[in-house]
Amino acid sequence: MRLRLYHHSDGARIAYRELGAGPPLALLHSAMLSHQEWAPIAGALAERYRVVLPDLPLHGDSEDRPFHPYTRDWFAEVLSGFAADVLGPHPMIGGHGAGAEILLYALQKGALAPSKLVLMPSRMHRAVVHPQALRAWRLAASTGAIPGIDRLLSHAVKAAMSPQRGMRLSARADPGVRDLVRQSFADVGGNANLARAWAKCARHWPDGAQQHLLDLYPKLTMPVLLLWADRDRLYPLAIAEEALDRLPDAQLRVLQSTGFLIAYDDPVGVAREISAFCG
């Protein structure tokens with residue numbers, strides 16, 4: 001994969017990898033991970049598409065400086081700028097977890113106009129399944145704004161997200177998950193800037209139901225693929241089924257015996273479904 005950088009108008013840096021040739025297809029990863037979430041399927045998709053895999057801000061090699069606002073409006077603005085500069089006017093784009101949330105918010109603001117949209121497990125219009133866990137994360141992350149605590153917090157996060165603990169994200173216990181988690185947190189320990197930036201993000205990230213998205217769904221006239229896992233405890237299948245009834249041109253595909261890390265649990269199935277949908 002070739003590493004490239006996109007520089008937003010406010011100076012934010014987005015690192016992304018790309019491989020293959022053909023129509024652009026971008027995939028946005030979930031929270032706390034990186035572009036490596038798509039490593040199991042990137043090669044297969046690159047046979048037909050120019051696959052673009054960005055690291056979201058606060059992840060991987062992308063922006064982590066604390067002077068940006070890290071609101072949803074800011075994430076949507078950066079994503080739209082990235083898409084216009086790197087992908088072109090009407091790309092195919094997909095997202096998982098937080099990546100899908102940012103994508104939907106950008107669509108609601110009219111900042112993106114993809115030709116096709118792939119939504120993988122995320123909360124979409126629902127509230128988070130475990131609000132207590134999110135509140136605990138928000139409280140812990142907020143301490144990153146305290147000088148001296150910021151660096152300690154970064155080491156604590158890296159220790160907490162061990163590769164072995166990350167294996168819980170895979171329904172099939174794929175051994176590659178260890179490398180994914182190890183890589184995603186490799187540069188977290190000791191990164192005080194990142195801790196302070198996450199403190200900002202935590203203050204703005206919503207935890208309630210996103211009912212406003214129910215009004216957005218009927219306006220999404222592009223083809224939409226809801227590609228879901230059947231064993232994801234964070235994002236149950238009922239979320240996709242509720243959205244399917246409101247989307248004008250959508251299809252739901254469910255991969256059996258898959259969990260949160262759907263691309264690791266069934267890389268062949270994920271690549272097959274995306275390729276069949278994108279054409």
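Read-outs: derived from the displayed coordinates by stated rules, not from any lab. Quick caveat: nothing in here was measured; it's all calculated off a predicted structure. Cβ: placed from backbone, ideal geometry, glycine included. Neighbour counts: every protein chain shown.
Could you state the angle between the C-alpha long axis of helix 131-142 and the longest principal axis of the C-alpha atoms of the chain, as a value from 0 to 90 degrees rounded to the nearest 10? That works out to roughly 50 degrees. Derived scalar couplings between HN and Hα for the range 14-30 equal 10, 8, 8, 10, 9, 7, x, 9, x, x, x, 9, 10, 10, 9, 7, 8 Hz in order, rounded to whole Hz, by the Karplus curve 6.51 cos²θ - 1.76 cosθ + 1.60 (θ = phi - 60°), x for Gly and Pro.
Report note on the peptides 174-186, 211-223: ranked by the mean count of other C-beta atoms within 10 Å, highest first, their order is 174-186, 211-223.
Could you work out Rg/(2.2 N^0.38 Å) for the range 161-245, with Rg from alpha carbons only? Please report the intermediate quantities before stating the final value.
Numbers: Rg = 17.4 Å, N = 85, 2.2 N^0.38 = 11.9 Å.
Rg over 2.2 N^0.38 Å, computed on Cα atoms: 1.46.
Stokes-Einstein diffusion for the range 63-113, with the hydrodynamic radius set to the Kirkwood value over Cα pairs and evaluated at 4 °C in a medium of 1.567 mPa s, equals 114 µm²/s.
Expressed as a whole percent, the proportion of Cα-Cα pairs in the chain lying more than 28 Å apart is 31%.
The shape of the range 16-74 can be summarised by an equivalent ellipsoid whose semi-axes, obtained from the alpha carbon gyration tensor, come to 25, 11, 9 Å from longest to shortest.
Can you compute the modelled spin-label distance between His212 and Thr71, with each label point 7 Å from Cα toward Cβ, in nm? Between His212 and Thr71, the simple spin-label model gives 1.1 nm.
Three principal axis extents of the range 43-136 based on alpha-carbon atoms, in descending order, are 42, 30, 28 Å. Based on alpha carbons, the Rg and Dmax found for the range 235-279 are 11.5, 30 Å.
For the chain, a crude dipole built from +1 on the beta carbon of Lys and Arg and -1 on the beta carbon of Asp and Glu, taken about the Cα centre, is about 500 debye to the nearest 20.
For every other residue with a beta carbon closer than 9 angstrom to the beta carbon of Phe260, add +1 if it is Lys or Arg and -1 if Asp or Glu, then tell me the sum.
Once positives and negatives cancel, what remains is +1.
Taking a Cβ cut-off of under 15 Å around Val270, the surrounding Lys, Arg, Asp and Glu residues balance to a net charge of -3, with basic ones at +1 and acidic ones at -1. Under 5 Å between amide hydrogens, built in the peptide plane, is the criterion, and for Ala31 it picks out Ala98, Gly99 among residues at least 5 positions away or on other chains.
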